[in-house]
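Novice: The structure's right below; bear with me while I get my questions together.
The values are calculated or read from the model by the stated rules, or taken from the named source; none is laboratory data. Everything quoted here is computed from the prediction, not taken from an experiment. Cβ placement follows ideal geometry from the backbone for every residue including glycine, while neighbour counts extend to all protein chains displayed. With ligands, DNA and RNA removed, areas are computed over all heavy atoms of the protein, side chains included. Shrake-Rupley method; radii C 1.70, N 1.55, O 1.52, S 1.80 Å.
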Amino acid sequence: CLGNFKGVNHKILVEARWQRTFTIEGNETDDMDPAVPGAWNPKFPLWPMQCRSVSWLRKMEESTTPYMQEAMENFEIPSLGLRIEGRARMPTHGNRAVLADGVGFGKTAVVLARLMDKSGDTVPTGELTKEGKMTSKATIVFVPPHLVGQWIEEKDKFINPKAGLETIQINSARDMELLTVKEICEADLIVCNFDILQSS
C-alpha cells in the first residue's frame, strides 16, 4: 500500500491521439478456384476458403501492375526540434504475393496447391538471360529451421508421388554447396532454412 501522500497526483494521464487505422479484409468475396490441382491427394480436399486463396494468389502473381518499393529514413536533432524525413520509391515488377492467413488456415496447402496449379506452365529452365541470370522454374519456400522437415512431410501428404515433383531440401549452407546449378534450374520446389539468408 502506497498510503496517502499530500500533494502527489496519483491519477494516470493518458494522451489519446487519432491515428490512421486499417483493416485486413478476408477472402470471402474472392472468386473460388473450382479446379482441384492435378495429383492432389483426394483424402485431403481443399476447403472453400483455401480454393479462394489459390485463386487470389494466381491473380496477384499474374498482375502486371508494378509494386511500389519504398524506403524511408528519419533523422532527428532534438536540441533544434528538427526532424528530417527522406523517402524513396521505386516501381518493381515480378510475380509476388503475401499470403497472410492466420495459423491453422492451411497456408501450406494453399501454396502447394498453387504450385501444382502452375505445373503446366512452360517456364524455360537453364537458359542464361541477357542480365547474366540463370532461369529456374522452382518455387522457393523459406521457413524456420524446425519447419523444413515438416514442409517436406506436408508436401508428401498433399501431393501424390506420381506427380514427380522435383523437390530440394536445404537445411544448411553445406546442402547449398552440394547443389548444382542444373539441379536448382530443374527443381519444382525448394524448401530452405531461412537461416541461410543470414549466413556468410
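Novice: Mind checking which helices (runs of 4 or more DSSP H) fall wholly inside the range 100-200 and carry at least 3 residues that are hydrophobic (A, V, I, L, M, F, W, C), touching a residue at least 24 places away in the same chain (Cβ under 8 Å) and under 26 Å from Asn41 (Cβ atoms)? Let's see the steps before the verdict.
Specialist: Numbers: elements: 107-117, 148-158, 173-178, 181-186.
The helices (runs of 4 or more DSSP H) meeting that bar are 107-117, 148-158.
Novice: Met72 versus (1) over 20 Å from the mean Cα position of the chain (by Cα); (2) within 28 Å of Glu166 (Cβ to Cβ): which is the lone unmet condition?
Specialist: Result: Met72 passes all but (2).
Novice: So is Pro91 open to solvent by 40 Å² or more (accessible area, probe 1.4 Å) and over 22 Å from Asp156 (Cα atoms) or not?
Specialist: On the way: open to solvent by 40 Å² or more (accessible area, probe 1.4 Å): yes; over 22 Å from Asp156 (Cα atoms): yes.
Against the criterion (open to solvent by 40 Å² or more (accessible area, probe 1.4 Å) and over 22 Å from Asp156 (Cα atoms)), Pro91 qualifies.
Novice: Please enumerate the residues belonging to the range 101-129 that are at pLDDT 80 or above and in contact with a Gly (Cβ under 7 Å, 6 or more places away or on another chain).
Specialist: Within the range 101-129, Met116 is the sole residue that qualifies.
Residue by residue, here is whether (1) among the β-branched types (Val, Ile, Thr); (2) modelled with pLDDT of 85 or more; (3) surrounded by 13 or more Cβ atoms within 10 Å (Cβ to Cβ); (4) more than 23 Å from Ile190 (Cβ to Cβ) holds:
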| site | (1), (2), (3), (4) |
| --- | --- |
| Glu62 | no, no, no, no |
| Asn95 | no, no, no, no |
| Leu99 | no, no, yes, no |
| His146 | no, yes, no, no |
| Glu153 | no, yes, no, no |
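Novice: Can you name every residue in the range 155-189 that is under 20 Å from the mean Cα position of the chain (by Cα), open to solvent by less than 60 Å² (accessible area, probe 1.4 Å) and polar (S, T, N, Q)?
Specialist: Thr167
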